[in-house]
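Please treat every number below as a calculation from the coordinates, not as lab data. Remember, predicted model here, so these are calculated numbers, not experimental data. Don't worry about glycine lacking a Cβ; one is built from the backbone with ideal geometry, like all the others, and counts go over all protein chains shown.
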Amino acid sequence: MTCDLMLIAYDGSENAKRAIEYAGRFLSAERAVVLTAWEPMVLQAARLSGLSGVVQPDWVPEEEIEDVAYVDARAVNTEGVRLAKLAGFAAEARTVECTSTIWNAIVEVADELDVDIIVAGTRGATGIRALLHSSVADAVLRHCHRPVLLVPPGRK
């Protein structure tokens, strides 16, 4: 059975590549949107300096200079679209700027597009590491009201 629209969350990781590969083996879709969520560098710097206890100076990026995080996200997304096409999907690119969290951006785009299924890879963290670092894939699964295909990492 073919779905109308699939959303593939793609961050360039090996696990995301594996998710595309498995989606191509087990699913079919009329359209597939490859989504890469990104966070502006100014927000990343503020978050990191806040974690370290360093006072964040007022920093306003120059309007003419393209955010390096956005440039990177577009390159990562282009790779994801290429992989999705190789997996047999009629894939199109989409990047979205995060205003809160990566998982929230994925869920919001899924709702906006009214997708039939979301495809994502997982980190496969277990034990204390899983407790300390929340999983984007887990949060998507908990907060989204759509079917989700989560592909775990392969055996090492």
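Rounded to whole numbers, the Karplus 3J(HN,Hα) couplings from phi for region 94-108 are 7, 10, 9, 7, 6, 9, 9, 10, 4, 4, 5, 4, 5, 5, 5 Hz, using 6.51 cos²θ - 1.76 cosθ + 1.60 with θ = phi - 60°, and x at Gly and Pro. If R0 is 22 Å, the Cβ-Cβ spacing of Y70 and D4 corresponds to a FRET efficiency of close to 0.15.
Residue ranges 10-20, 84-94 sort as 10-20, 84-94 when ordered by packing (mean number of other C-beta atoms within 10 Å per residue, highest first).
Gain on full extension, evaluated as 0.36 nm per residue between E30 and L149 minus their Cα-Cα distance, stands at 41.2 nm.
Close amide H pairs (under 5 Å, H built 1.01 Å from N) link R94 with V34, T36, residues at least 5 positions away or on another chain.
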